[in-house]
Amino acid sequence: SPPEDEEEVAEVGWQEKLFSQFEVDLYRSESACQTPLDWQYHEEIQKLEKAGGRKNCRIFTYTDHDRFTDLEELCQKVTDLDNEAPSYLVERMANVRRRRQDRRPVEASSLKSKIITWEPSEEFIKNNHVINTPVQTMYIMGDLGPYGKLGHKEYENVLCTIKVDGNGVITVKPDFTGTKGAYRIELDGEKREVWEYTIENASAQVKPEEEEREQRVFRELYGRHRDYLSGLVGSDFEMPLPGTLRLFMNGEIVSAQGYEYDNLYVHFFLELPNQWSSSPFQQLSGVTQTCATKRVGRENVAYFCYPFTVEMFYTQEDEGVFLYSLPQWPVLYFEVLSLDFWQRYRVEGYGSLVLPASPGVHMLTIPTWRPVDLGTVAEMRRFFIGGSPELEDLTYIRIPSTFKGKRLSRFGFRTKTTGSVTFRLYCLQQSKAFLENSALRQRMQSVLDRLGGFSQQSSVYNVLEAFQRARRRMQEARESLPQDLLNTSASAV
């Protein structure tokens, strides 16, 4: 560690230039000055020498305009290897890390006249492929050379890096020392010298009056910005009628996995029950692209990432209807098919999905099945010429839309379990009942509760559940009684 006479304390301001011994020796002569910045440093060094020399010895700085700052950013290592050779990608990405942007904003007329540059030059790419947020950088350096041999570039070490971007975010690396121990720098050499240094925040504390004035300015600025955004957006939002729920869903067919054949595609459509409607221009069905599968673990997976958007409206009718029939939610029916090189298609599976009744993000994996015929002839026909038993009405996956009876029998209908399809659904709900309930601070259980539809139905369910509990208690009490007591009471009757 250095002796006491080697200790140095320097208070550095933002973009304050402290010259090193190397810079003093370099810029002292006029022959080394080439740029206007070099001449400026030459004059400042002459003034320092006339005033008695510089006060700092080992601690100096490189400001944002110094050549070292550009070289340091271009020479940053990506890994911790000593013999790292920058790759082509690292060299190209070094141009992205530009700190200052001197480009002028393009006028609207020229922007409309020339939107695309068909033959960009290297200089054009270098000047335009940059980060939009300008950053200013400053380095606090330390000359850790032996005593009496200051001014050698190989002994210069970066003590602290300070960056300020256009958003006002200050980045200090490494951080202020605070309660932590001092930072250590171990030099490579015969003596293996170890230097320790600390970084303290020497900024003056803001007075309460100034802080309150600053907060007031910020509040006014944010208020004007909020009013500006409100003026752009407006307040004329389309609200559904009272007793009406608006369901907006952004869906995505993510993947299909576990099927027998390759090159899969999904055909789907949405069925709207009674009291549900949609706009006449709303498309309630779709077909994904044909996707080849890849091996993931033990299954073949086809990633579709197929998006679709649906907007529906639920209109509440007389509440007495709920006493006799349950309100139904929209159902998404889908079938998975495969298409091979010879244009032979096969049904790989059927499935259905009831849309979630709660808003938010839902990740659902739905298993599927397909009809089968007994015997090897049907499987050979499926393998050689394609085609397979399929449903004429896809609503038969659940309850057919044409079914009016009390019981639906599927006896004798042979099926086979196949793969599964993964959906990601983003559901949004809008209703005036939400606004009223939030104002009253009432927690409701479901959407139909907010609309008042389950009020009578829940009471009926409560009565039936209480009756079932009472019936179970009577049966348990009857089974616990002695058998001779039951026979005596029966003969007495």
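Values for this structure:
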read-out: In region 387-410, the residues that are under 39 Å from the mean Cα position of the chain (by Cα) and part of a loop (DSSP other than H, G, I, E, B); value: Arg398, Ile399
read-out: Residues (farther than 16 Å from Leu264 by Cα, hydroxyl-bearing (Ser, Thr, Tyr) and open to solvent by 70 Å² or more (accessible area, probe 1.4 Å)) located in region 344-389; value: Thr365, Thr376
read-out: Of residues in region 280-303 being open to solvent by less than 50 Å² (accessible area, probe 1.4 Å) and assigned to a loop (DSSP other than H, G, I, E, B), the one farthest from Tyr333 (Cα to Cα); value: Thr293
read-out: Residue within region 93-101 that is open to solvent by 50 Å² or more (accessible area, probe 1.4 Å) and at pLDDT 65 or above present; value: yes
read-out: Flag for Val233 being in contact (Cβ under 8 Å) with a residue 60 or more places away in the chain and outside the structural domain of His362 (by the TED database); value: no
read-out: Residue among Arg398, Arg441 that alone is closer than 23 Å to Met239 by Cβ and either modelled with pLDDT of 65 or more or of a type in the set (D, E, K, R) (or both); value: Arg441
read-out: Region 196-217 residues that are open to solvent by less than 90 Å² (accessible area, probe 1.4 Å), paired with ones that are of a type in the set (Gly, Ala, Ser) (beta carbon under 8 Å, 6 or more apart); value: Tyr197/Gly142; Tyr197/Ala182; Thr198/Ala182
read-out: Of all residues making up region 149-183, the number that are over 22 Å from Gln21 (Cα atoms) and either in a loop (DSSP other than H, G, I, E, B) or in contact with a Phe, Trp or Tyr (Cβ under 7 Å, 6 or more places away or on another chain) (or both); value: 14
read-out: Qualifying position, being part of a loop (DSSP other than H, G, I, E, B) and in the same structural domain as Leu428 (by the TED database), among Glu238, Glu260; value: Glu260
read-out: Leu272 being aliphatic (A, V, I, L, M) and over 30 Å from Ser338 (Cβ atoms); value: no
read-out: Residue in region 62-81 that is aromatic (Phe, Trp, Tyr), in contact with a strand residue (DSSP E or B) (Cβ under 9 Å, 6 or more places away or on another chain) and either at pLDDT below 80 or in a helix (DSSP H, G or I) (or both) present; value: yes
read-out: Members of region 166-190 that are of a type in the set (A, V, I, L, M, F, W, C) and open to solvent by 50 Å² or more (accessible area, probe 1.4 Å); value: Val169, Ile170, Phe176
read-out: Gly52 being without any contact (Cβ under 8 Å) to a residue 24 or more places away in the chain, part of a loop (DSSP other than H, G, I, E, B) and either of a type in the set (S, T, N, Q) or over 25 Å from Gln136 (Cβ atoms) (or both); value: yes
read-out: Enumeration of residues in region 290-311 that are over 25 Å from Leu428 (Cβ atoms) and of a type in the set (A, V, I, L, M, F, W, C); value: Cys291, Ala292, Val296, Val301, Ala302
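The values are calculated or read from the model by the stated rules, or taken from the named source; none is laboratory data. As the structure is a computational prediction, the values presented were derived from the model and not from experiment. Neighbour counts run over all protein chains shown; Cβ positions are idealised from the backbone, glycine included. For the accessible areas, the whole protein counts, side chains as well, though only heavy atoms, and no ligand, DNA or RNA atoms are used. Shrake-Rupley method; radii C 1.70, N 1.55, O 1.52, S 1.80 Å.
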